[in-house]
Amino acid sequence: MRIVVADDDPVSRRLVEYVITTRTEHEVVTVTDGDRALELALGDPTPDVLILDWVMPTMSGTEVCRQVRRAPLPVQPYVLLITAKTKRDEVIEGLSVGADDLLTKPLPPDLLIARLKLALRRPTPGKPRTRAVLQALVDAAAEGDGELVIRDRDTTARVFLHRGKVAWAHVSDDPSGLFDILDPERGMDQDAVREVVEECRRTRARLSDTLVRWGLVDRARLRDCLLAWTSRKIAGVRQFSNPQSLFLPAVRSYAEDLLFDLEELVGVNDLKAVSPSAPPPETASLAPRNMWETAFVSEIPISIEDSELMDRCMLGGGVKGVAVIDRTSGRCLGQRGARLNPDIVWAHIQCLNAVAAQEHVADTVVATDRHYHLVRPLAERKDAFVYVLVKSSEVRLADARLNLARALGVIDDPVVETATTAATEAEVRALIESVDDLV
(Lines give C-alpha, C1' and ligand atoms only; values in the text may rest on other atoms or scores of the structure.)
Protein backbone atom coordinates (compact mmCIF):
# COMPACT_ATOMS: atom_id res chain seq x y z
CA MET A 1 0.00 0.00 0.00
CA ARG A 2 0.97 3.65 -0.38
CA ILE A 3 0.89 5.25 3.06
CA VAL A 4 1.12 8.94 3.96
CA VAL A 5 2.33 9.71 7.50
CA ALA A 6 1.69 13.28 8.70
CA ASP A 7 3.18 14.36 12.04
CA ASP A 8 5.08 17.50 13.02
CA ASP A 9 6.94 15.65 15.81
CA PRO A 10 10.12 14.24 14.21
CA VAL A 11 10.48 11.45 16.79
CA SER A 12 6.91 10.18 16.38
CA ARG A 13 7.08 10.53 12.60
CA ARG A 14 10.36 8.60 12.40
CA LEU A 15 8.99 5.93 14.77
CA VAL A 16 5.94 5.24 12.58
CA GLU A 17 8.03 5.23 9.39
CA TYR A 18 10.61 2.87 10.94
CA VAL A 19 8.02 0.36 12.15
CA ILE A 20 6.23 0.22 8.78
CA THR A 21 9.32 0.05 6.57
CA THR A 22 11.08 -2.63 8.64
CA ARG A 23 8.06 -4.90 9.04
CA THR A 24 6.19 -4.50 5.75
CA GLU A 25 6.71 -3.77 2.07
CA HIS A 26 4.41 -0.73 2.08
CA GLU A 27 5.60 2.55 0.58
CA VAL A 28 5.76 5.38 3.12
CA VAL A 29 5.72 9.13 2.43
CA THR A 30 6.17 11.46 5.43
CA VAL A 31 5.07 15.10 5.76
CA THR A 32 5.13 17.58 8.64
CA ASP A 33 1.86 19.52 8.34
CA GLY A 34 -1.82 19.15 7.53
CA ASP A 35 -1.80 21.14 4.26
CA ARG A 36 0.77 18.86 2.67
CA ALA A 37 -1.10 15.77 3.95
CA LEU A 38 -4.35 16.99 2.36
CA GLU A 39 -2.54 17.76 -0.91
CA LEU A 40 -1.24 14.19 -1.14
CA ALA A 41 -4.58 12.72 -0.04
CA LEU A 42 -6.44 14.49 -2.86
CA GLY A 43 -3.71 13.87 -5.44
CA ASP A 44 -3.30 11.12 -8.00
CA PRO A 45 -2.88 8.37 -7.11
CA THR A 46 -4.89 8.51 -3.91
CA PRO A 47 -2.93 6.99 -1.00
CA ASP A 48 -4.31 3.78 0.46
CA VAL A 49 -3.74 4.87 4.07
CA LEU A 50 -3.47 8.24 5.84
CA ILE A 51 -1.82 8.21 9.28
CA LEU A 52 -2.51 11.64 10.74
CA ASP A 53 -1.40 13.25 13.97
CA TRP A 54 -4.33 14.98 15.66
CA VAL A 55 -2.51 18.30 16.29
CA MET A 56 -0.38 19.65 13.42
CA PRO A 57 0.60 23.05 11.98
CA THR A 58 -1.60 24.67 9.29
CA MET A 59 -4.37 22.04 9.62
CA SER A 60 -5.31 19.45 12.25
CA GLY A 61 -5.57 15.77 11.49
CA THR A 62 -9.32 15.84 12.12
CA GLU A 63 -9.79 18.65 9.59
CA VAL A 64 -7.71 16.78 7.00
CA CYS A 65 -9.89 13.73 7.56
CA ARG A 66 -13.10 15.78 7.27
CA GLN A 67 -12.06 17.31 3.93
CA VAL A 68 -10.90 13.97 2.54
CA ARG A 69 -14.25 12.38 3.36
CA ARG A 70 -16.07 15.22 1.57
CA ALA A 71 -13.96 14.85 -1.57
CA PRO A 72 -15.38 12.80 -4.52
CA LEU A 73 -12.46 10.35 -4.59
CA PRO A 74 -12.74 7.09 -6.56
CA VAL A 75 -11.60 5.16 -3.49
CA GLN A 76 -11.53 6.65 0.00
CA PRO A 77 -8.28 6.00 1.93
CA TYR A 78 -8.15 4.26 5.30
CA VAL A 79 -7.64 7.05 7.86
CA LEU A 80 -5.84 6.36 11.14
CA LEU A 81 -5.66 9.20 13.67
CA ILE A 82 -2.74 9.25 16.11
CA THR A 83 -3.44 11.23 19.26
CA ALA A 84 -2.49 11.80 22.86
CA LYS A 85 -6.16 12.42 23.63
CA THR A 86 -7.89 9.77 25.73
CA LYS A 87 -11.18 11.35 26.83
CA ARG A 88 -14.34 9.70 25.57
CA ASP A 89 -15.68 12.86 23.90
CA GLU A 90 -12.40 13.41 22.07
CA VAL A 91 -12.37 9.84 20.77
CA ILE A 92 -15.96 10.28 19.56
CA GLU A 93 -14.96 13.52 17.83
CA GLY A 94 -12.20 11.72 15.95
CA LEU A 95 -14.51 8.97 14.74
CA SER A 96 -17.29 11.43 13.87
CA VAL A 97 -15.14 13.21 11.24
CA GLY A 98 -14.71 9.93 9.40
CA ALA A 99 -11.56 8.33 10.85
CA ASP A 100 -11.50 4.55 10.55
CA ASP A 101 -9.58 4.12 13.78
CA LEU A 102 -7.65 5.93 16.50
CA LEU A 103 -4.40 4.98 18.21
CA THR A 104 -3.17 6.65 21.36
CA LYS A 105 0.39 7.80 21.92
CA PRO A 106 2.78 6.24 22.76
CA LEU A 107 2.14 4.19 19.65
CA PRO A 108 2.37 0.39 20.13
CA PRO A 109 4.12 -0.99 17.01
CA ASP A 110 2.33 -4.36 16.98
CA LEU A 111 -1.05 -2.62 17.12
CA LEU A 112 -0.06 -0.31 14.27
CA ILE A 113 0.87 -3.30 12.09
CA ALA A 114 -2.44 -4.99 12.98
CA ARG A 115 -4.35 -1.88 11.88
CA LEU A 116 -2.48 -1.80 8.58
CA LYS A 117 -3.44 -5.42 7.96
CA LEU A 118 -7.04 -4.39 8.51
CA ALA A 119 -6.62 -1.60 5.95
CA LEU A 120 -5.05 -4.05 3.51
CA ARG A 121 -8.06 -6.37 3.74
CA ARG A 122 -10.71 -3.72 3.21
CA PRO A 123 -13.25 -4.55 0.52
CA THR A 124 -12.23 -3.43 -2.96
CA PRO A 125 -14.40 -3.39 -6.09
CA GLY A 126 -14.47 -6.71 -7.94
CA LYS A 127 -12.84 -8.83 -5.22
CA PRO A 128 -14.88 -11.91 -4.28
CA ARG A 129 -15.95 -11.85 -0.65
CA THR A 130 -15.32 -15.58 -0.15
CA ARG A 131 -11.77 -15.12 -1.33
CA ALA A 132 -11.28 -12.22 1.10
CA VAL A 133 -12.34 -14.39 4.05
CA LEU A 134 -10.15 -17.26 2.88
CA GLN A 135 -7.20 -14.89 2.49
CA ALA A 136 -7.73 -13.63 6.03
CA LEU A 137 -7.83 -17.22 7.36
CA VAL A 138 -4.67 -18.20 5.50
CA ASP A 139 -2.81 -15.10 6.71
CA ALA A 140 -3.97 -15.71 10.29
CA ALA A 141 -2.80 -19.33 10.14
CA ALA A 142 0.57 -18.11 8.89
CA GLU A 143 0.80 -15.82 11.93
CA GLY A 144 0.46 -18.84 14.25
CA ASP A 145 -1.27 -18.01 17.55
CA GLY A 146 -4.06 -15.50 17.98
CA GLU A 147 -7.62 -14.46 17.25
CA LEU A 148 -8.98 -13.54 13.83
CA VAL A 149 -11.92 -11.12 14.09
CA ILE A 150 -14.10 -10.72 10.99
CA ARG A 151 -16.98 -8.24 10.88
CA ASP A 152 -19.79 -7.90 8.40
CA ARG A 153 -22.07 -5.02 9.35
CA ASP A 154 -23.58 -6.02 12.73
CA THR A 155 -22.22 -9.58 12.72
CA THR A 156 -18.88 -10.46 14.27
CA ALA A 157 -17.06 -13.75 13.86
CA ARG A 158 -14.08 -14.89 15.93
CA VAL A 159 -11.74 -17.65 14.87
CA PHE A 160 -9.16 -18.76 17.43
CA LEU A 161 -5.91 -20.27 16.17
CA HIS A 162 -3.08 -22.16 17.83
CA ARG A 163 0.16 -23.00 16.02
CA GLY A 164 -1.46 -22.27 12.68
CA LYS A 165 -4.47 -24.50 13.28
CA VAL A 166 -8.07 -23.56 14.10
CA ALA A 167 -9.11 -24.30 17.67
CA TRP A 168 -12.52 -22.64 17.93
CA ALA A 169 -14.96 -20.44 16.02
CA HIS A 170 -17.88 -18.27 17.07
CA VAL A 171 -20.36 -16.15 15.07
CA SER A 172 -22.41 -13.57 16.95
CA ASP A 173 -25.69 -14.12 15.07
CA ASP A 174 -25.53 -17.94 15.27
CA PRO A 175 -27.17 -19.02 18.55
CA SER A 176 -26.19 -22.68 18.24
CA GLY A 177 -23.49 -24.07 20.46
CA LEU A 178 -21.34 -27.16 20.76
CA PHE A 179 -23.86 -28.94 22.98
CA ASP A 180 -26.49 -28.68 20.23
CA ILE A 181 -24.64 -31.14 18.03
CA LEU A 182 -23.45 -33.59 20.68
CA ASP A 183 -25.31 -36.90 20.78
CA PRO A 184 -28.53 -36.31 22.81
CA GLU A 185 -28.73 -40.02 23.57
CA ARG A 186 -25.67 -39.70 25.82
CA GLY A 187 -27.69 -37.71 28.36
CA MET A 188 -26.58 -34.25 27.23
CA ASP A 189 -29.64 -32.36 28.42
CA GLN A 190 -29.70 -28.84 29.88
CA ASP A 191 -29.07 -30.05 33.43
CA ALA A 192 -26.04 -32.02 32.29
CA VAL A 193 -24.77 -28.98 30.43
CA ARG A 194 -24.99 -26.82 33.53
CA GLU A 195 -23.22 -29.45 35.64
CA VAL A 196 -20.41 -29.75 33.10
CA VAL A 197 -19.93 -25.99 32.96
CA GLU A 198 -19.88 -25.70 36.76
CA GLU A 199 -17.35 -28.53 36.99
CA CYS A 200 -15.09 -26.74 34.50
CA ARG A 201 -15.32 -23.52 36.48
CA ARG A 202 -14.62 -25.30 39.76
CA THR A 203 -11.67 -27.40 38.59
CA ARG A 204 -10.43 -25.04 35.82
CA ALA A 205 -10.33 -28.08 33.55
CA ARG A 206 -10.90 -27.96 29.80
CA LEU A 207 -14.45 -28.57 28.59
CA SER A 208 -13.28 -31.38 26.33
CA ASP A 209 -11.45 -33.17 29.14
CA THR A 210 -14.49 -32.91 31.44
CA LEU A 211 -16.88 -34.28 28.80
CA VAL A 212 -14.65 -37.31 28.21
CA ARG A 213 -13.91 -37.89 31.90
CA TRP A 214 -17.62 -37.92 32.72
CA GLY A 215 -18.28 -40.43 29.95
CA LEU A 216 -20.63 -38.10 28.09
CA VAL A 217 -18.71 -38.53 24.83
CA ASP A 218 -15.56 -40.33 23.72
CA ARG A 219 -12.60 -38.43 22.33
CA ALA A 220 -13.04 -39.49 18.70
CA ARG A 221 -16.74 -38.62 18.70
CA LEU A 222 -15.97 -35.24 20.30
CA ARG A 223 -13.42 -34.42 17.60
CA ASP A 224 -15.92 -35.32 14.84
CA CYS A 225 -18.54 -33.08 16.46
CA LEU A 226 -16.07 -30.21 16.83
CA LEU A 227 -14.97 -30.56 13.22
CA ALA A 228 -18.54 -30.46 11.93
CA TRP A 229 -19.47 -27.56 14.19
CA THR A 230 -16.38 -25.48 13.36
CA SER A 231 -16.73 -26.20 9.62
CA ARG A 232 -20.30 -24.92 9.72
CA LYS A 233 -19.19 -21.73 11.46
CA ILE A 234 -16.43 -21.12 8.91
CA ALA A 235 -18.86 -21.77 6.05
CA GLY A 236 -21.16 -19.09 7.47
CA VAL A 237 -18.31 -16.60 7.74
CA ARG A 238 -17.39 -17.22 4.10
CA GLN A 239 -20.84 -15.92 3.14
CA PHE A 240 -20.09 -12.46 4.56
CA SER A 241 -20.81 -9.91 1.85
CA ASN A 242 -18.63 -7.09 3.21
CA PRO A 243 -16.01 -8.66 5.49
CA GLN A 244 -13.46 -6.63 7.43
CA SER A 245 -10.85 -8.60 9.33
CA LEU A 246 -8.26 -8.00 12.03
CA PHE A 247 -5.76 -10.47 13.52
CA LEU A 248 -4.90 -10.09 17.22
CA PRO A 249 -1.81 -12.06 18.30
CA ALA A 250 -2.34 -14.04 21.53
CA VAL A 251 -1.10 -17.32 22.96
CA ARG A 252 -3.66 -19.61 24.59
CA SER A 253 -3.72 -23.25 25.62
CA TYR A 254 -5.76 -25.81 23.65
CA ALA A 255 -5.99 -29.59 23.44
CA GLU A 256 -3.57 -30.54 20.66
CA ASP A 257 -5.77 -33.35 19.30
CA LEU A 258 -8.74 -31.00 18.85
CA LEU A 259 -7.05 -28.55 16.47
CA PHE A 260 -7.95 -28.46 12.76
CA ASP A 261 -5.99 -27.61 9.62
CA LEU A 262 -7.66 -25.21 7.25
CA GLU A 263 -7.78 -28.01 4.68
CA GLU A 264 -10.13 -29.95 6.96
CA LEU A 265 -12.47 -26.98 7.33
CA VAL A 266 -12.65 -25.42 3.85
CA GLY A 267 -11.21 -28.01 1.50
CA VAL A 268 -7.91 -28.26 -0.35
CA ASN A 269 -9.29 -27.01 -3.68
CA ASP A 270 -10.60 -23.77 -2.19
CA LEU A 271 -7.27 -23.04 -0.54
CA LYS A 272 -5.38 -23.43 -3.81
CA ALA A 273 -6.77 -20.08 -4.92
CA VAL A 274 -5.08 -18.18 -2.08
CA SER A 275 -1.67 -18.10 -0.45
CA PRO A 276 -0.16 -16.31 2.54
CA SER A 277 0.48 -12.63 1.95
CA ALA A 278 4.03 -11.79 0.94
CA PRO A 279 6.44 -11.72 3.90
CA PRO A 280 8.50 -8.63 4.71
CA PRO A 281 11.71 -8.16 2.72
CA GLU A 282 14.83 -10.01 3.83
CA THR A 283 16.24 -6.95 5.51
CA ALA A 284 13.15 -6.73 7.70
CA SER A 285 13.46 -10.36 8.79
CA LEU A 286 16.83 -9.51 10.29
CA ALA A 287 15.28 -6.81 12.42
CA PRO A 288 14.32 -8.01 15.92
CA ARG A 289 10.59 -8.04 16.65
CA ASN A 290 10.87 -7.02 20.31
CA MET A 291 9.46 -3.54 20.91
CA TRP A 292 12.48 -2.52 22.96
CA GLU A 293 14.87 -3.49 20.17
CA THR A 294 12.95 -1.92 17.28
CA ALA A 295 10.33 0.75 17.81
CA PHE A 296 11.73 2.06 21.08
CA VAL A 297 15.41 1.83 20.26
CA SER A 298 17.20 5.14 20.55
CA GLU A 299 19.38 6.34 17.71
CA ILE A 300 21.31 8.68 20.01
CA PRO A 301 23.77 7.70 22.76
CA ILE A 302 22.48 7.43 26.30
CA SER A 303 23.09 10.69 28.13
CA ILE A 304 25.39 10.74 31.13
CA GLU A 305 22.50 11.91 33.32
CA ASP A 306 20.25 9.01 32.28
CA SER A 307 23.09 6.53 32.68
CA GLU A 308 23.84 7.72 36.22
CA LEU A 309 20.12 7.78 37.05
CA MET A 310 19.64 4.15 36.00
CA ASP A 311 22.76 3.10 37.92
CA ARG A 312 21.35 4.67 41.09
CA CYS A 313 17.97 3.00 40.59
CA MET A 314 19.60 -0.43 40.11
CA LEU A 315 21.10 -0.14 43.61
CA GLY A 316 17.61 -0.31 45.19
CA GLY A 317 16.54 -3.49 46.96
CA GLY A 318 14.95 -6.06 44.66
CA VAL A 319 15.40 -3.97 41.49
CA LYS A 320 15.73 -6.21 38.42
CA GLY A 321 15.41 -3.73 35.56
CA VAL A 322 15.29 0.01 34.87
CA ALA A 323 14.41 2.05 31.79
CA VAL A 324 14.05 5.74 30.96
CA ILE A 325 11.16 6.24 28.52
CA ASP A 326 9.90 9.16 26.46
CA ARG A 327 6.29 9.80 27.50
CA THR A 328 4.88 10.88 24.15
CA SER A 329 6.57 8.50 21.71
CA GLY A 330 7.11 5.56 24.08
CA ARG A 331 10.74 5.41 22.92
CA CYS A 332 13.18 3.73 25.31
CA LEU A 333 16.00 6.21 25.96
CA GLY A 334 18.08 3.68 27.89
CA GLN A 335 17.79 0.58 30.06
CA ARG A 336 19.62 -1.53 32.59
CA GLY A 337 19.13 -5.08 33.86
CA ALA A 338 16.23 -7.34 32.91
CA ARG A 339 14.16 -6.57 29.83
CA LEU A 340 10.73 -5.15 30.54
CA ASN A 341 7.47 -6.57 29.20
CA PRO A 342 6.45 -4.19 26.38
CA ASP A 343 2.73 -4.93 26.74
CA ILE A 344 2.72 -4.06 30.46
CA VAL A 345 4.90 -1.01 29.88
CA TRP A 346 2.65 0.30 27.13
CA ALA A 347 -0.50 -0.13 29.24
CA HIS A 348 1.23 1.54 32.18
CA ILE A 349 2.26 4.50 30.02
CA GLN A 350 -1.32 4.93 28.82
CA CYS A 351 -2.58 4.93 32.41
CA LEU A 352 0.02 7.45 33.57
CA ASN A 353 -0.65 9.84 30.70
CA ALA A 354 -4.42 9.67 31.26
CA VAL A 355 -4.09 10.43 34.99
CA ALA A 356 -1.42 13.11 34.44
CA ALA A 357 -3.83 14.98 32.17
CA GLN A 358 -6.12 15.52 35.18
CA GLU A 359 -3.77 15.90 38.16
CA HIS A 360 -0.17 15.76 39.29
CA VAL A 361 1.26 12.23 39.43
CA ALA A 362 3.88 11.40 42.06
CA ASP A 363 4.25 7.79 40.93
CA THR A 364 2.14 4.87 39.70
CA VAL A 365 2.34 1.23 40.76
CA VAL A 366 1.20 -2.04 39.21
CA ALA A 367 1.64 -4.95 41.63
CA THR A 368 1.57 -8.51 40.29
CA ASP A 369 2.16 -11.80 42.07
CA ARG A 370 5.89 -11.52 41.29
CA HIS A 371 6.83 -7.91 40.66
CA TYR A 372 6.17 -4.26 41.39
CA HIS A 373 6.11 -2.10 38.25
CA LEU A 374 6.99 1.41 39.45
CA VAL A 375 6.78 4.47 37.21
CA ARG A 376 7.80 7.94 38.27
CA PRO A 377 7.86 11.10 36.13
CA LEU A 378 11.15 12.99 36.10
CA ALA A 379 10.58 16.33 37.80
CA GLU A 380 13.11 18.20 35.69
CA ARG A 381 11.94 16.62 32.41
CA LYS A 382 8.22 16.56 31.76
CA ASP A 383 8.70 14.51 28.60
CA ALA A 384 10.24 11.45 30.30
CA PHE A 385 9.86 9.09 33.23
CA VAL A 386 11.74 6.22 34.83
CA TYR A 387 10.29 2.68 34.85
CA VAL A 388 11.57 0.24 37.50
CA LEU A 389 10.90 -3.50 37.79
CA VAL A 390 11.18 -4.79 41.37
CA LYS A 391 11.02 -8.37 42.69
CA SER A 392 8.15 -8.22 45.19
CA SER A 393 9.46 -11.10 47.34
CA GLU A 394 12.68 -9.20 48.11
CA VAL A 395 11.35 -5.84 49.30
CA ARG A 396 8.21 -4.20 50.62
CA LEU A 397 6.29 -1.93 48.27
CA ALA A 398 6.70 1.10 50.55
CA ASP A 399 10.48 0.61 50.62
CA ALA A 400 10.63 0.14 46.84
CA ARG A 401 8.80 3.43 46.29
CA LEU A 402 11.07 5.14 48.84
CA ASN A 403 14.21 3.81 47.16
CA LEU A 404 13.05 5.07 43.77
CA ALA A 405 12.23 8.52 45.14
CA ARG A 406 15.64 8.74 46.79
CA ALA A 407 17.40 7.59 43.61
CA LEU A 408 15.74 10.49 41.79
CA GLY A 409 16.83 12.89 44.52
CA VAL A 410 13.28 13.59 45.70
CA ILE A 411 13.11 14.34 49.42
CA ASP A 412 10.07 16.61 49.85
CA ASP A 413 7.47 14.21 48.50
CA PRO A 414 4.36 12.42 49.86
CA VAL A 415 5.81 9.08 48.75
CA VAL A 416 8.90 9.55 50.92
CA GLU A 417 6.86 10.73 53.89
CA THR A 418 4.40 7.83 53.59
CA ALA A 419 7.15 5.24 53.15
CA THR A 420 9.21 6.42 56.12
CA THR A 421 6.20 6.32 58.43
CA ALA A 422 4.76 3.03 57.14
CA ALA A 423 3.61 0.64 59.82
CA THR A 424 5.55 -2.58 60.38
CA GLU A 425 3.93 -5.92 59.59
CA ALA A 426 3.54 -6.62 63.29
CA GLU A 427 1.71 -3.32 63.79
CA VAL A 428 -0.59 -4.05 60.87
CA ARG A 429 -1.32 -7.54 62.17
CA ALA A 430 -2.13 -6.16 65.63
CA LEU A 431 -4.42 -3.55 64.11
CA ILE A 432 -6.29 -6.20 62.12
CA GLU A 433 -6.74 -8.36 65.21
CA SER A 434 -8.08 -5.44 67.20
CA VAL A 435 -10.56 -4.61 64.44
CA ASP A 436 -11.68 -8.25 64.34
CA ASP A 437 -12.25 -8.19 68.09
CA LEU A 438 -14.23 -4.99 67.82
CA VAL A 439 -16.44 -6.42 65.05
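What the table shows:
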item: Counted residues, the range 364-374 - those being surrounded by 13 or more Cβ atoms within 10 Å (Cβ to Cβ) and not in a strand (DSSP E or B); result: 0
item: Residues of the range 206-216 satisfying the condition of being open to solvent by 10 Å² or more (accessible area, probe 1.4 Å), over 28 Å from the mean Cα position of the chain (by Cα) and not acidic (Asp, Glu); result: Ser208, Val212, Arg213, Trp214, Gly215, Leu216
item: Filtered residues of the range 211-239 (kept if over 20 Å from Phe260 (Cα atoms) and out of contact with any Lys or Arg (no Cβ under 6 Å at 6 or more places or on another chain)); result: Arg213, Trp214, Gly215, Gln239
item: Pair list, Cβ < 6 Å and 6+ apart or interchain, from the range 349-374 residues that are closer than 24 Å to Arg396 by Cα and in contact (Cβ under 8 Å) with a residue 24 or more places away in the chain to residues that are open to solvent by 40 Å² or more (accessible area, probe 1.4 Å) and among the β-branched types (Val, Ile, Thr); result: His373/Val366; Leu374/Val365
item: Count of residues meeting criterion [open to solvent by 10 Å² or more (accessible area, probe 1.4 Å), at pLDDT below 75 and either closer than 17 Å to Asn353 by Cβ or assigned to a loop (DSSP other than H, G, I, E, B) (or both)] in the range 90-112; result: 2
item: Enumeration of residues in the range 54-73 that are buried (at least 20 other Cβ atoms within 10 Å of the Cβ), in a loop (DSSP other than H, G, I, E, B) and within 25 Å of the chain's Cα centre (by Cα); result: Trp54
item: When residues of the range 385-435 are limited to those that are of a type in the set (Asp, Glu) and open to solvent by 100 Å² or more (accessible area, probe 1.4 Å), the one modelled with the highest pLDDT; result: Glu394
item: Tally, over the range 222-275, of residues that are in contact with a strand residue (DSSP E or B) (Cβ under 6 Å, 6 or more places away or on another chain), surrounded by 17 or more Cβ atoms within 10 Å (Cβ to Cβ) and closer than 14 Å to Asp139 by Cα; result: 4
item: Qualifying residue in the range 140-157 (condition: among the acidic types (Asp, Glu), open to solvent by less than 40 Å² (accessible area, probe 1.4 Å) and at pLDDT below 85); result: yes
item: Selection status of Arg163, touching a Leu at 6+ places or on another chain (Cβ under 8 Å), modelled with pLDDT of 85 or more, open to solvent by 60 Å² or more (accessible area, probe 1.4 Å) and within 15 Å of Leu148 (Cβ to Cβ); result: yes
item: Some residue of the range 320-333 being among the β-branched types (Val, Ile, Thr), in a loop (DSSP other than H, G, I, E, B) and either touching a Gly at 6+ places or on another chain (Cβ under 6 Å) or surrounded by 15 or more Cβ atoms within 10 Å (Cβ to Cβ) (or both); result: yes
item: The range 351-363: number of residues that are outside any loop (DSSP other than H, G, I, E, B), out of contact with any strand residue (DSSP E or B) (no Cβ under 6 Å at 6 or more places or on another chain) and either buried (at least 16 other Cβ atoms within 10 Å of the Cβ) or modelled with pLDDT of 80 or more (or both); result: 1
item: Criterion violated by Arg131 - all others in (1) within 22 Å of Thr230 (Cβ to Cβ); (2) in a helix (DSSP H, G or I); (3) open to solvent by 70 Å² or more (accessible area, probe 1.4 Å); (4) at pLDDT 80 or above satisfied; result: (4)
item: All positions within the range 337-350 that are among the hydrophobic types (A, V, I, L, M, F, W, C) and either open to solvent by 30 Å² or more (accessible area, probe 1.4 Å) or assigned to a strand (DSSP E or B) (or both); result: Ala338, Ile344, Trp346, Ala347
item: For Arg289: the one exception among (1) of a type in the set (Lys, Arg); (2) at pLDDT 75 or above; (3) outside any helix (DSSP H, G or I); result: (2)
item: Selection from the range 364-390 of residues that are in contact with a strand residue (DSSP E or B) (Cβ under 9 Å, 6 or more places away or on another chain) and over 23 Å from Glu308 (Cβ atoms); result: Thr364, Val365, Val366, Ala367, Arg370, His371
item: Near pairs, Cβ below 7 angstrom, 6+ apart or cross-chain, from the range 375-388 (among the aliphatic types (A, V, I, L, M) and in a strand (DSSP E or B)) to any residue that is surrounded by 13 or more Cβ atoms within 10 Å (Cβ to Cβ) and modelled with pLDDT under 75; result: Ala384/Arg327
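The values are calculated or read from the model by the stated rules, or taken from the named source; none is laboratory data. The model shown is predicted, which means the values in this text are computed figures rather than measured ones. Cβ atoms come from the backbone with ideal geometry, glycine included; neighbour counts cover every protein chain shown. Protein only, heavy atoms only, side chains kept; ligands, DNA and RNA dropped before computing areas. Shrake-Rupley method; radii C 1.70, N 1.55, O 1.52, S 1.80 Å.
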